[in-house]
Amino acid sequence: MRSKYISKLILLCAIIIISNINVFSQDEDSIKTIEMKEVMVSANKTEKPFVELTVPAKIISKEEIESSGHSRLDEIISEQVGVVTVPGFGGSEGIQLQGIDPEYTLILIDGLPIIGRVAGILDLSRISLGSVERIEIVKGASSSLYGSEALGGVVNIITNKAKNEGLSKKIYYQYSSYNTQDLLADISYRKKQFAIYGNINRYSSDGYDLVEGDGQNTVEAFQNLTGGVGISYDLDKLGNFDFNYKFFEEDRDGTIFITSPGIENKSETNENNISLKYQNKLSKSVNLNIDIYNTNYINKEQQIISSGILNKNNFNQSLNRLDVRLKHSTSTGSYYTIGFGFDNETLERTNITVKPEHKSQFLYFQYDWNTNEKFNLVSGIRYDKHNEYSSQLSPKVSFKYDFSEDLNLKGSFGYGYKTPDFRQLYLNFSNSTSGYIVLGASVIDEVISELQNKNELSFYNELFTTDLTAENSNSYNLGLQYYLSPDIPIEINLFRNNIYNLIETNIVGRKNNGQTIYSYSNVNKAYTQGIEIQGNWNPIKKISIKGGYQLLYAKDIDAIEEFKSGTVFARDKVTKQSFELKSNDYFGLYGRSRHQLNIGVNYYMNQNKDNLNLRLNFRGKFALIDSNNNSFLDKYDSFIKAHLLGNISYNKFLTKNISLQLYIKNLLGYKDVENLLNNPGRIYSLKVTFKN
Amino acid sequence: MKYLYIIMLSLLIISCGDDDPVLEPLEAMIVTNLEAMTTSGPGQPPAGDFVKYSFAKQTTVEGDDWDIAFRATAILVNGGFAGASDEPNRSGIAAGYVAVGAYSSIKSVDESLLVQDSETDKAIPTGSGNGWYNYDPQSKLVTPIAGRTLVFKTHNGRYAKMEIQSYYKDAPENPNAFTSQGQTYTFNYTYQPNEGVTTFD
């Protein structure tokens, strides 16, 4: 492992050195910043101007990322309206879109999915912001284009692809509290049709400890490397080839295993992505895109004592994808897209005895009807055939209507789904210390009959059904956008997601030795609904203000019924007597705040683009667990208090190319050491960037 | 075994006419820190004697006049059959069931629900989530489920209702399975001393 790091670090040094030697003569005039209309690819799998989108969406620009001070994806994304990061298993952070859990948002890099959801949540702190060009967020179910996982929406991270002619370089070093170091070298070169680009990022931290004396750190020390190289070549009539290789590797001193003195915990992650994107304009009106993609995610955890390895966990997931699409534009400005392809996915994992392979084929169609200047209708449908589940048909319809130049209305309806993951199907896990067993839906019958034969079962719920179907949702959005003045847009969006067949863990039996047996089943119906308001305002040229607010109601339908029927109780902490809870005592789903408010102020101090950037993020109270033992979140539970997080960064350009950044994250030093383990309090950073 | 205190909470006198038999008042009690320890170690099947309690005598008893008996999380009734050899003999006609409802809302006994202990099942079911408590494997805490009222027929055919409030000594607001003394019951009950009367108000 060490030697691998050393070789990668040599590569990093090499890139830094090369990028500092001006091998290519640099013509000042040739570097033109092309004022382009902001476009988005994620909403339609093809470029479309942002202002013309028919669905609720958001773009986080490179400028915003760079001036923020953040170095990982989870940090920047939690500052967006209606996007909330929630702590997951083992310090990971996922995102909640429109109140929908992190498992149900598809995360893409350059349009291709990231895998490695070890415990359901994809850890966004895994993703470096160093070479990110922009981040696109599409809210609302989008399975009509993307298939599984796109219930809450889609986050697409677009990386640097050598847009500008000539040589571009970016090198930075950031030092932050807890000996956190972030080092990046990004270099790209374009000469007409040919482009080559590469980057390497090393990120490390000593971690931190919020709870003294428990023999372990809250976040253990880690170091990781993110890197990639790519070549793009436009062969005119033969089309454009874009080959890309990316990797991520991480060493971490912590695992899911319990640690105690004398026990060493080691976690090692290796991720590789290879893609080939081919694009060709077959005729004036027909465009062909072919994406070939292979990704592999390996995580190994070991609990080591002096005499050897005490426990280990292996996780090895692979995905191969082919996505072919044809876009045909009509003379009237409308176009349609036809796409097809397949996914092959495999997993090898500790506690999964079988070696599952999932194969699916898909076909999708989208029509962007744009003949009327005022009205744009986009409708699409996707069919997914899967070797393990019933096939899925995912429609989506969205529109935008311009009442006038100042006022428009957007609406969308979409279907979203997520197939049960490998864990929910094949897990066969027995925790001997805590005394429980978890069985996936595809292995439970076999294991249970084995236990029955051995007479080890004291109780089993025969009614328990073992067929898992895809979790799915119907998602509705209706929004108005109004320009108070040309540069003061205000947007209001109403959303509602009806979610069906949510998979839950249930007790299905018990062994004679008292071990409880859990399994998964589709039980819950839930909804999330709310209002999102956001706007921008530049009171004077030097100051830009943006703000947003989300009101959210997220509830379990069965829970609502239970409260109505008077079968939910709580115990008075003082008198110790229990009492019946009423319908309005039900708070809703875990991890959801009713109110979220974000305000960002950017003050440009001078022509140099020196700026002071303040962001305030308010989150209303929420709870992660049921604290009063009635299995529902009610108003008598203990909540994580409403709190305000503030971030401030100061960016100073020393020369045209060299800038200095002072950044204070969590300015107010808010902490909740019992519940929010991903927040160590105030963090100071200093960053030096060289960029041309 | 020690009681910190026993309180007589309320007296309720029901009208007495010339010919009506005089009804005894309902007895409402809070019992704190009733210790019902298992003698086996953690993770082992419970062992040792059950602690036997009489609603009428308002105390633990040694003889056959017990109504219910405790050991760790298990609660027996003095009626039916013993399931294991270390359980006390059932000499009475006691029975019980777990009612769903706030304590004060349980105003009478539903006799059709009363069951006795048997060789395989208990009137008050054992196991997390089945009877009066939940067990959390992570925190290792035993917590009485809110809104569970235990309704009993006593060994000699009277009725009582009971709510377990805590499984830990001095009923701490936030017990800790590692530092709080468990297997120590705090509960309140209402005893109906009049034969044949199934109501609690």
Average projected area [Cα convex hull, region A:561-692], square nanometres
11.0 nm²
So what's region B:83-130 giving for Cα Rg divided by 2.2 N^0.38 Å, two decimals?
1.33
Could you let me know the centre-to-centre spacing of region A:451-528 and region B:120-191, using Cα atoms, in angstrom?
31 Å
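Run the numbers on chain B and let me know its relative contact order in percent, using alpha-carbon pairs under 8 Å that are six or more apart.
Values: 472 pairs, mean separation 43.7, N = 201.
Averaging sequence separation for qualifying contacts and normalising by length gives 22 percent for chain B.
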Please list, in order along region A:43-53, the HN-Hα scalar couplings obtained from phi with the Karplus expression 6.51 cos²θ - 1.76 cosθ + 1.60 (θ = phi - 60°), rounded to whole Hz, x for Gly and Pro.
6, 10, 6, 7, 5, 8, x, 4, 5, 9, 5
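Can you give me the orientation-averaged projected area of the convex hull built on the Cα atoms of the protein assembly as shown, in nm²?
Numbers: hull surface 173.2 nm².
Hull-based average projected area comes out at 43.3 nm².
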Please state the relative contact order of chain A as a whole percent: Cα pairs under 8 Å, 6+ residues apart?
10 percent
Between residue A:430 and residue A:456, what is the spin-label point distance in nm, taking each point 7 Å from the Cα along the Cα→C-beta axis?
0.4 nm
Along Cα→Cβ, 7 Å out, is where each label goes; now give me the distance between the ones at residue A:482 and residue A:375 in nm to one decimal.
2.4 nm
Note, ³J(HN,Hα) from phi for region A:402-407, Karplus 6.51, -1.76, 1.60, rounded to Hz, x at Gly and Pro:
9, 5, 7, 5, 8, 9
Rounded to the nearest Å, what's the spacing between the alpha carbon centres of region A:179-222 and region A:142-166? Just the number, please.
22 Å
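Given R₀ = 35 Å, FRET efficiency for residue A:346-residue A:625 by Cβ-Cβ distance, to 0.05? Present the calculation step by step, with values, prior to reporting the outcome.
Working: r = 34 Å, r/R0 = 0.98.
Efficiency for this residue pair is about 0.55.
Let me know the volume per residue of the alpha-carbon convex hull for region A:131-233, in Å³. Please report the intermediate quantities before stating the final value.
On the way: hull volume 15.8 nm³, N = 103.
Expressed per residue, the convex hull around the Cα atoms of region A:131-233 is 153 Å³.
Whole number please: convex hull volume per residue, Cα atoms of region A:342-421, in Å³.
Details: hull volume 9.2 nm³, N = 80.
Given the Cα convex hull of region A:342-421, per-residue volume reads 115 Å³.
Per residue and in cubic angstrom, what volume does the convex hull of the Cα atoms of region A:477-543 have? Walk me through the numbers on the way to the answer.
Values: hull volume 8.3 nm³, N = 67.
It comes to 124 Å³ per residue, whole-number rounded.
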Check which residues have an amide H placed less than 5 Å from residue B:200's amide H, if you skip close sequence neighbours.
B:108
Unsatisfied cross-links (Cα-Cα over 26 Å) in the set A:161/A:546; A:191/A:246; A:62/A:284:
A:161/A:546; A:62/A:284
Listed here are the pairs A:400/A:542; A:37/A:542; B:57/B:161; A:48/A:169; A:139/A:163; A:170/A:609; which of them are more than 25 Å apart at the Cα?
A:400/A:542; A:48/A:169; A:139/A:163
Taking 1 over the mean of 1/r across every pair of different Cα atoms in region A:265-354, what Kirkwood radius in Å do you get?
16.5 Å
Reduced to Cα centres, the span from region A:346-425 to region A:47-113 in Å works out to 18 Å
Ranking B:37, A:605, A:40 by Cβ neighbours within 10 Å, fewest first, what do you get?
A:605, B:37, A:40
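Taking all pairs of distinct Cα atoms, average 1/r, flip it, and tell me the Kirkwood hydrodynamic radius of region A:196-319 in Å to one decimal place. Working shown, then result.
Numbers: mean 1/r = 0.0568 Å⁻¹.
About 17.6 Å for region A:196-319.
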One-quarter of the Cα convex hull surface for chain B, in nm²?
11.6 nm²
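State the three equivalent ellipsoid semi-axes of region A:243-284, derived from the C-alpha gyration tensor as the square roots of 5 times its eigenvalues, in descending order and whole Å.
Numbers: eigenvalues 398, 13, 4 Å².
That gives 45, 8, 4 Å for the three semi-axes.
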Here region B:104-190 gives, from Cα atoms, an Rg and Dmax in Å of 14.3, 42
What are the extents of the Cα atoms of region A:376-468 along their three principal axes, in Å, largest first?
73, 30, 21
I need the trypsin sites (Lys or Arg not before Pro) found in region B:110-176, filtered to DSSP loop residues with at most 14 other beta carbons within 10 Å of theirs.
B:140
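In what sequence, highest mean first, do A:308-314, A:639-645 appear when ranked by Cβ atoms within 10 angstrom?
Values: A:308-314: 13.0, A:639-645: 15.3.
Packing order, densest peptide first, comes out as A:639-645, A:308-314.
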Along each principal axis, Cα extent of region A:388-546, largest first, Å:
76, 36, 20
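Note down the relative contact order for region A:529-659 as a percent, whole number, built from C-alpha pairs under 8 angstrom at least six residues apart.
Here the relative contact order equals 21 percent.
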If one compares the long axis through the Cα atoms of helix A:444-453 with the longest principal axis of the Cα atoms of chain A, the angle in degrees, nearest 10, works out at 20 degrees
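Which of rounded, prolate or oblate describes region A:146-191 when judged by the alpha-carbon gyration tensor and an a/c cut-off of 1.5?
Working: a/c = 5.09, a/b = 1.19, b/c = 4.27.
Oblate, because a/c is 1.5 or more while a/b does not exceed b/c.
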Separation between the residue B:130 and residue A:607 pseudo-spin-labels, each 7 Å from Cα along Cα→Cβ, expressed in nm?
8.2 nm
Out of residues 5 or more away from residue A:610 or on other chains, whose amide H comes under 5 Å of its own, with H placed 1.01 Å from N in the peptide plane?
A:605, A:653
Among all the lysines, which ones have a C-alpha under 19 Å from residue A:582's C-alpha, if same-chain residues fewer than 8 places away are not counted?
A:555, A:564, A:573, A:635
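Ranked from highest to lowest mean number of other Cβ atoms within 10 Å per residue, what is the order of the peptides A:502-508, A:232-238, A:490-496? Please report the intermediate quantities before stating the final value.
Details: A:502-508: 17.0, A:232-238: 12.3, A:490-496: 18.9.
Ranking the peptides A:502-508, A:232-238, A:490-496 by packing returns A:490-496, A:502-508, A:232-238.
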Solvent-free Debye scattering, log10 I(q)/I(0), computed from the Cα coordinates of region A:441-491 at q = 0.23, 0.24 Å⁻¹:
-0.91, -0.95
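FYI, it's all coordinate maths here, none of it is from the lab. In this text, all values refer to a predicted model and were calculated from it rather than measured experimentally. Backbone-built Cβ (ideal geometry, glycine too); neighbour counts: all protein chains shown.
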